[in-house]
Amino acid sequence: MKMKRRLFVPVVSSLGLAAGKSRGVYADLGIRPILNFQGPVTTVGASKMWPEIQGIMAEAAREFAVLEEVKDAVGERLAKLCGTESALVTSGTAGAIALGTYGCLTGTDTAKVRRLPDLTGMKTEVVIQKPHRNGYDHAVRSAGVRIVEVDSRESFINSLGPQTAMIYYLGGTRGDWAWETPVPLAECVAIAKKAGVPVLIDAANLLPSWDSIPRVAATGVDMIAFSGGKHIRGPQSAGVLAGRKDLLHAAWLNSSPHSDSQGRGMKVNKEEMIGLLAAIERYSKLDFAALDREYERQAAYVMAELRKVGLQVEKARFERGRKVHRVIATWDEGGRGLTAAAVEKTLRDGEPRIAALRGPEGKGIEFTFLMNDPGEEKIVARRMREIFA
Ligand SMILES: *Cc1c(COP(=O)(O)O)cnc(C)c1O
């Protein structure tokens, strides 16, 4: 490659973007994009930003601005929407959980911020109910704390002491709000308040719809973490930590742009802050009933088409108190000489590429209708008819 250093030569020309030679950013890289019937799954990009959000982010990228001023202005608007004192755009739910935990440990003591994950002079434990343990609690553990797992109301109460920095609560894992958990949210918050321990709820599972966020805030929980890049359809790498002003300020001190902080690597720039605010303003006003009808229509179409080629189809039960339309297609894999794995792969490698999940226990294929443009249901039905014809 010739490396003549001339300013203002667009380096993107290697992608064919300059001079209108591009066949598309993905095609230029030899990548075929994929239709997503998996729902908001990170491995395929998780979220397709609304077109107007793309424009807003591009505009925000054109100029410099003082990051802290953008953070404050965006945070104020977000907090109003969430029903909390304060809010911070983070690097996804996982980033929000991490920063929330760091903030509980350090408070606004900048010496402690610099010391993390060495916990000298800080509390050392985070309490989690056993059914709330999940891979994302690695974000809690990244603070260097010890997780105290509890499995009853009694052990929960007994676990809280002078060493307890925080309680992590996983929202709505099963059923609706009163899902089977030793200590449901309202009670957890009440007990924690008495003990003076903040509660952080991972609310990533509680959307749609937007109502869930102010509803969670009204329980008096101290911090709420959720994703901006799943069905909110904002920037995929962004999320929100909303809640108490003092804790949010402490969380901010533990993140970028503060160089000597544990969260420095969880950087969020002004474009993501502004893009996510715009996406949430849009999302909070969405007509969820109309959206629900559209996804139900797409699901019903696919079900009818798959029945025509002899597949058994059923709707998966709504879970986590939210309406997400999922269609599970099964067939006699031996009889038809087609395994679910083979169909999954054929869909993934076909034209266009389609990402779908395997059904429960690996049987059949599950299609999720959550961010799909009208017409995509026809494509997936056609591909399945071709495979099973
Ligand atoms: C998706 C998810 C996360 C991680 O969210 P990101 O925005 O990708 O960081 C955390 N917790 C739960 C329950 C999730 O579903």
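Might you check whether a residue that is out of contact with any helix residue (DSSP H, G or I) (no Cβ under 6 Å at 6 or more places or on another chain), within 16 Å of the ligand (Cβ to nearest atom) and either in the same structural domain as residue 160 (by TED's automatic domain parsing) or at pLDDT 95 or above (or both) occurs anywhere in region 96-104? Yes, the conditions are met somewhere in region 96-104. When region 24-52 is filtered for residues that are away from the ligand (no atom under 16 Å from the Cβ) and exposed (fewer than 14 other Cβ atoms within 10 Å of the Cβ), the ones remaining, listed by number, are 24, 25, 26, 27, 29, 30, 31, 32, 33, 51, 52. For residue 84, indicate whether it is of a type in the set (Val, Ile, Thr), surrounded by 14 or more Cβ atoms within 10 Å (Cβ to Cβ), out of contact with any His (no Cβ under 9 Å at 6 or more places or on another chain) and in a loop (DSSP other than H, G, I, E, B). When the stated conditions are applied, residue 84 passes them.
Per the conditions (1) assigned to a helix (DSSP H, G or I); (2) in contact with a helix residue (DSSP H, G or I) (Cβ under 8 Å, 6 or more places away or on another chain), the sole criterion not satisfied by residue 114 is (2).
Screening residue 287 against (1) open to solvent by 50 Å² or more (accessible area, probe 1.4 Å); (2) under 29 Å from residue 26 (Cβ atoms) leaves a single unmet condition, (2).
Please go through region 212-232 and give me each residue that is away from the ligand (no atom under 12 Å from the Cβ), in contact with a Lys or Arg (Cβ under 9 Å, 6 or more places away or on another chain) and at pLDDT 95 or above, ordered by number. If the condition is that a residue be away from the ligand (no atom under 12 Å from the Cβ), in contact with a Lys or Arg (Cβ under 9 Å, 6 or more places away or on another chain) and at pLDDT 95 or above, then 220, 222, 223 are the ones that fit. From the residues in region 236-277 that are open to solvent by less than 20 Å² (accessible area, probe 1.4 Å) and in contact with an Asp or Glu (Cβ under 7 Å, 6 or more places away or on another chain), which one is farthest from the ligand (Cβ to nearest atom)? Only one residue fits best here, namely 247. Considering region 324-354, and only residues there that are of a type outside the set (Val, Ile, Thr) and assigned to a strand (DSSP E or B), the residue that is most open to solvent (accessible area, probe 1.4 Å) turns out to be 353. If you scan region 223-235, which residues turn out to be out of contact with any helix residue (DSSP H, G or I) (no Cβ under 6 Å at 6 or more places or on another chain) and open to solvent by less than 10 Å² (accessible area, probe 1.4 Å)? 229 - this is the single residue of region 223-235 that is out of contact with any helix residue (DSSP H, G or I) (no Cβ under 6 Å at 6 or more places or on another chain) and open to solvent by less than 10 Å² (accessible area, probe 1.4 Å).
Among all positions in region 287-306, there is at least one residue which is over 25 Å from the mean Cα position of the chain (by Cα), modelled with pLDDT of 95 or more, closer than 27 Å to residue 208 by Cα and aromatic (Phe, Trp, Tyr).
The values are calculated or read from the model by the stated rules, or taken from the named source; none is laboratory data. What you see is a predicted model, and the numbers here were worked out from it, not measured in a lab. Please note: Cβ atoms are built from the backbone with ideal geometry, for glycine as well, and neighbour counts cover all protein chains shown. The accessibility values were calculated without ligands, DNA or RNA, using every heavy atom of the protein model including side chains. Shrake-Rupley method; radii C 1.70, N 1.55, O 1.52, S 1.80 Å.
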